[in-house]
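Engineer: Supplied in structure tokens, the structure appears directly below.
Just so it is clear, none of the values below were taken in a lab; they were calculated from the coordinates. Worth saying up front: this structure is predicted, and the values here are computed from it rather than measured. Because the Cβ atoms are built from the backbone with ideal geometry, glycine has one as well, and the counts that use them run over all protein chains shown.
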Amino acid sequence: MIRRVFGNLYFLTFLNGFLLASLIYFKMEASYEKELFHAIHTDIGNKITATDSQDSVVAKAMHVCHNLMDTRGDVFKGSDFQGLKSGMIDPTSFDLMTASGACGSYSMVLARVLQGYKYDVRIAQMKSNGSFAAHNIVEAKTNHGWVVLDPLFDAYFVTPSRQLASFSEVKDNWSYYKSQLPPGYDMNYRYEDVRYSNWSKIPILLPSIKKMLDLTVGKENADTISLRTYFLRKYVLCFDLFLILFVLVFSFTIRKLIKAKVFPRQNIPVTFSNVYKYLRQRFFEKNFTEQRQA
């Protein structure tokens, strides 16, 4: 059945058209998303001075993201989006526009912004009341190591040496750092523990990948891999995936078309020499027929 479907040139023509239309759509959406984040980078850039340290830059970026999304979070809170974009693709631009994912949306947007400034980032799930799905935060790697940022509450922590603190520093000295929390902070989030990827989310597949990573890069490094940071540009990923599919399907279609319309028999191998040979033969046959008719 599948062989008959993919052997049908009409179906292959439709499939090529669908893939091409999808490529155009993903390219347009990726360009639109890129322009949105470029505007945010421009606004942040206007607030950065030459004397700002990397800590100051990431803190200012978080302030801008928090202020930008805070009112939108109130507007769209409780909304149940069911469309293709929100339900299946769920791009970072949707998080930016609606903040409907609460801490998840804030973290995705901040991580994307910081990536634009060439910072290594990790999106982390904080453990609270025995669950790792409690609260999302962002970690950025500055010149003195990883620092923790909470874009939902616009919170960061400063060490006694006047540098931004890491998650482990906050965890190990919570009694000191909790005095720096902003008003309205949810005290259930006490920096008990953190994970960077939920390796059990897709059974069999993700645990298998994790085991391979443990063997290749080491368990300690594998435990700090944040899968979400690889999906901050979903339209670009979709474009690349559909481009590969389009090239494969288009090549297969051209091959079927040549066999059906150029070669006299289906069992002739598709090679450049055979294509040239039978195209040339058809050209001379057509000219000969036209001359006889004249």
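Engineer: Name the shape class, rounded, prolate or oblate, that the alpha-carbon gyration tensor gives for the stretch 70-214, where a ≥ b ≥ c are the square roots of its eigenvalues, rounded holds for a/c under 1.5, and otherwise prolate holds if a/b is larger than b/c and oblate otherwise.
Structural biologist: Cα axes put the stretch 70-214 in the oblate bin.
Engineer: Turning to a different aspect of this structure: Over all alpha-carbon pairs of the chain, lay out the pair-distance distribution in 5 Å bins, whole %, shortest bin first.
Structural biologist: Binned Cα distances yield the sequence 1, 5, 9, 11, 13, 12, 10, 8, 6, 5, 4, 4, 4, 3, 2, 1, 1, 0, 0, 0.
Engineer: Too long at a 27 Å Cα-Cα cut-off: which of Lys27/Lys259; Lys118/Lys234; Lys141/Lys178? Mind dumping the intermediate values first?
Structural biologist: Values: Lys27/Lys259 33 Å; Lys118/Lys234 18 Å; Lys141/Lys178 22 Å.
Beyond 27 Å: Lys27/Lys259.
Engineer: If I stretch the segment between Ser273 and Asn198 completely, what's the gain in nm (0.36 nm per residue apart, minus their alpha carbon distance), one decimal?
Structural biologist: Details: separation 75, 0.36 × 75 = 27.00 nm, distance 5.29 nm.
Taking Ser273 through Asn198 to full extension adds about 21.7 nm, to one decimal.
Engineer: So what's the angle, to the nearest 10 degrees on a 0 to 90 scale, between helix 54-76 and the longest Cα principal axis of the chain?
Structural biologist: The helix 54-76 is inclined about 80 degrees to the chain.
Engineer: Another question about this same structure. Mind jotting down the distance between the C-alpha centroids of the stretch 90-144 and the stretch 1-78, whole Å?
Structural biologist: Here the answer is 15 Å between Cα centres.
Engineer: Nearest 0.05, what FRET efficiency do Leu257 and Tyr25 give at R0 = 35 Å with Cβ-Cβ as r? Write out the running numbers ahead of the final one.
Structural biologist: Numbers: r = 26 Å, r/R0 = 0.73.
Computed FRET efficiency for Leu257 and Tyr25: 0.85.
Engineer: Rounded if a/c is under 1.5, else prolate if a/b beats b/c, else oblate: with a ≥ b ≥ c from the C-alpha gyration tensor eigenvalues square-rooted, which is the stretch 48-124?
Structural biologist: The shape class here is prolate.
Engineer: For the stretch 4-43, compute the orientation-averaged projected area of the C-alpha convex hull (one quarter of its surface), in nm². Numbers along the way, then the final one.
Structural biologist: Values: hull surface 11.2 nm².
With the hull built on Cα positions only, its mean projection is 2.8 nm².
Engineer: Which parts of the stretch 115-154 would a label at Lys219 reach, counting a residue when its backbone N lies under 16 Å from a point 7 Å out along Cα-to-Cβ?
Structural biologist: none
Engineer: Right, another one. Taking the Cα atoms only, what angle lies between the long axis of helix 103-116 and the longest principal axis of the chain, rounded to 10 degrees?
Structural biologist: Once rounded, one gets 70 degrees.
Engineer: For the stretch 120-135, just list the computed ³J(HN,Hα) in residue order, Karplus coefficients 6.51, -1.76 and 1.60, θ = phi - 60°, integers in Hz, with x standing in for Gly and Pro.
Structural biologist: Going residue by residue, I get 6, 10, 9, 9, 10, 9, 7, 8, 8, 6, x, 10, 7, 8, 6, 7 Hz, with x marking Gly and Pro.
Engineer: For the stretch 180-242, just say rounded, prolate or oblate: build the C-alpha gyration tensor, square-root its eigenvalues into a ≥ b ≥ c, call rounded for a/c under 1.5, and beyond that prolate if a/b exceeds b/c, oblate if not.
Structural biologist: In terms of gyration-tensor shape, oblate.
Engineer: Please name whichever of Tyr25, Val270, Ser168 sits farthest to the positive end of the charge dipole of the chain, dipole taken about the Cα centre and charges placed at Cβ: Lys and Arg +1, Asp and Glu -1.
Structural biologist: Val270
Engineer: Would you mind checking the pairs Lys85/Lys171; Lys34/Lys261; Lys34/Lys201 and listing those with alpha carbons more than 32 angstrom apart? Before the final figure, lay out the partial values.
Structural biologist: Numbers: Lys85/Lys171 37 Å; Lys34/Lys261 44 Å; Lys34/Lys201 29 Å.
With Cα atoms farther than 32 Å apart: Lys85/Lys171; Lys34/Lys261.
Engineer: Another question, if that's okay. Suppose every K and R has +1 on its Cβ and every D and E has -1 on its Cβ; what is the size of the dipole of the chain about the Cα centre, in Debye to the nearest 20?
Structural biologist: 2220 debye
Engineer: Considering the dipole of the stretch 75-191 built from charges on the beta carbon (Lys and Arg +1, Asp and Glu -1) around the Cα centre, which of Ala102, Thr159, Gly116 is farthest to its positive end?
Structural biologist: Going by the Cα projections, it comes out as Thr159.
Engineer: Beyond 16 Å, what percent of the Cα pairs of the stretch 117-189 remain?
Structural biologist: Result for the distance tail: 49 percent.
Engineer: What is the magnitude of the charge dipole of the stretch 160-229 about its Cα centre, with +1 placed on the Cβ of each Lys and Arg, -1 on the Cβ of each Asp and Glu, and no other charges, expressed in debye to the nearest 20?
Structural biologist: I would put it at about 180 debye.
Engineer: For the stretch 1-150, state the semi-axes of the equivalent ellipsoid (square roots of 5 times the eigenvalues of the alpha-carbon gyration tensor), sorted largest first and rounded to whole angstrom. Working shown, then result.
Structural biologist: On the way: eigenvalues 266, 78, 52 Å².
They are 36, 20, 16 Å, listed from largest to smallest.
Engineer: Expected output is a single nm value to one decimal: the length gained when fully extending between Ser56 and Met187, i.e. 0.36 nm times separation in residues minus the C-alpha distance. What is it? Can you show the working numbers first?
Structural biologist: Details: separation 131, 0.36 × 131 = 47.16 nm, distance 2.53 nm.
Length gained, Ser56 through Met187: 44.6 nm.
Engineer: Run through every distinct alpha carbon pair of the stretch 136-225 and return the Kirkwood hydrodynamic radius in angstroms, one decimal place.
Structural biologist: Hydrodynamic radius (Kirkwood, Cα only) of the stretch 136-225 equals 14.8 Å.
Engineer: For the Cα atoms of the chain, what angle does the longest principal axis make with the long axis of helix 205-216, in degrees from 0 to 90, nearest 10?
Structural biologist: Taking the Cα atoms of the chain, the angle to 205-216 is about 70 degrees.
Engineer: Using the Cα atoms of the stretch 12-70 to build a convex hull, what is its mean projected area in square nanometres? Intermediate values should be presented prior to the final figure.
Structural biologist: Numbers: hull surface 22.8 nm².
Its Cα hull, projected and averaged over all orientations, spans 5.7 nm².
Engineer: In the chain, once you exclude exposed chymotrypsin sites (Phe, Trp or Tyr not before Pro) (DSSP loop, at most 15 other Cβ within 10 angstrom), what's the longest stretch remaining?
Structural biologist: That gives 186-294 as the longest site-free run.
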